[in-house]
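The values are calculated or read from the model by the stated rules, or taken from the named source; none is laboratory data. The shown structure was predicted, so the numbers you read here are calculated from the model rather than taken from an experiment. A quick note on method: Cβ atoms are made from the backbone with ideal geometry, for glycine too, and the neighbour counts reach across all protein chains shown. These area figures cover heavy atoms from the full protein model, side chains too; ligands, DNA and RNA do not enter into them. Shrake-Rupley method; radii C 1.70, N 1.55, O 1.52, S 1.80 Å.
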Amino acid sequence: MMLVMGTVYANAIAQNNTTWHGKQCAVVLTYDDALNVDLDNAIPVLDSLGFKATFYLSGYSGTLNTRLNDWRAVAANGHELGNHTLFHPCTGSLPGRGFVTPDYDLNNYSVRRMTDEITMTNAVLKAIDGKTKRTFAYPCGDTKIHDTAYIDPVKNQFVAARGTQPEMPAIDKVDLYYVGCYAINGQTGDELINLVKQAMEKHALLVFLFHGVGGGHSLNVSLPAHSRLLHFLP
């Protein structure tokens, strides 16, 4: 069973047993960073199977300018455009964060600056899809500026928020403002399907986080593996 990220909220509230609308688990497909390969590689196979996914877009992304009409069509076809902030700031002092520039280092942000940029990104997305309800994804999974959780002042703008910690929570254990996920990088189709089978056994929520699909990013899933997963889900 595949659910758009934005429906996790409604389903988690509505269900009071161990299943998701009678299904063994819920699988959510999310794609980060508004990449060309989202539009060229992921969307066609999703649409061919009738699946809806969440695409987390940052306002600075070049594809929002160069392929704006494509993103508008994606939203019109029922996919969610999620908020991934205006400039995708991350905490640069953590290991493996050499790509973070001082201008967009969360250590140099105030909560006000962050929430203003999140609010502006919502305005941009609303101009594209006309919607007022959507979900949020923490860039790099970072939830705090120093010791302060920056989501608190803007919680009312979102129905849920996705983190990056790997987990498969039961339906009554979902933290709607830090939904875990499995970040995919190089796994085979069988490995992806095994995650789904684990979620089925646990009657759990499984969220996939994709970046590159058949290229386009250093974090990548091959086209065959991505296709094999999606064709397993029905």
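Put the Cα centre of region 149-186 next to the Cα centre of region 191-214 and the gap is 15 Å.
With both residues required to sit in region 76-216, DSSP beta bridges show an antiparallel share near 30%. Dividing the radius of gyration of the alpha carbons in region 111-168 by their Kirkwood radius gives 0.98 for Rg/Rh. The alpha carbons of region 175-234 stretch over 31, 26, 16 Å along the principal axes, in descending order. With the alpha-carbon atoms of region 126-219 aligned to their principal axes, the span from lowest to highest coordinate is 40, 36, 33 Å, starting with the largest. Heads up, I need the accessible area for residue 93: 1.4 angstrom probe, whole protein in place, Å², nearest 10. Approximately 90 Å² of residue 93 is accessible to the 1.4 Å probe. Protein heavy-atom surface of the chain, 1.4 angstrom probe: 52% of the accessible area is carbon and sulfur, with nucleic acids and ligands not counted.
The computed Cα Rg over 2.2 N^0.38 Å for the structure shown corresponds, within (i) 1.06; (ii) 0.96; (iii) 1.11, to (ii).
The residues of the chain present an accessible area of 44 Å² per residue when probed at 1.4 Å with all protein chains retained.
Considering only Cα atoms, the convex hull volume of region 67-171 works out to 136 Å³ per residue. Across q = 0.22 Å⁻¹, region 26-120 modelled as identical point scatterers on its alpha-carbon atoms has Debye log10 I(q)/I(0) values of -1.09, in the order of the q list. Helical runs assigned H by DSSP (4 residues or longer) give the chain a calculated mean residue ellipticity at 222 nm of -9000 deg cm²/dmol, each run adding -39500 (n - 2.57) before division by the residue total. A simple count of charges around residue 30, restricted to other residues whose Cβ falls under 13 Å of its Cβ and scoring Lys, Arg +1 and Asp, Glu -1, yields -1. Near residue 113, once Lys and Arg are set to +1 and Asp and Glu to -1 for all other residues with Cβ below 13 Å from its Cβ, the sum equals -3. Projected label points at residue 103 and residue 23, each 7 Å from Cα along the beta carbon direction, are separated by 4.2 nanometres.
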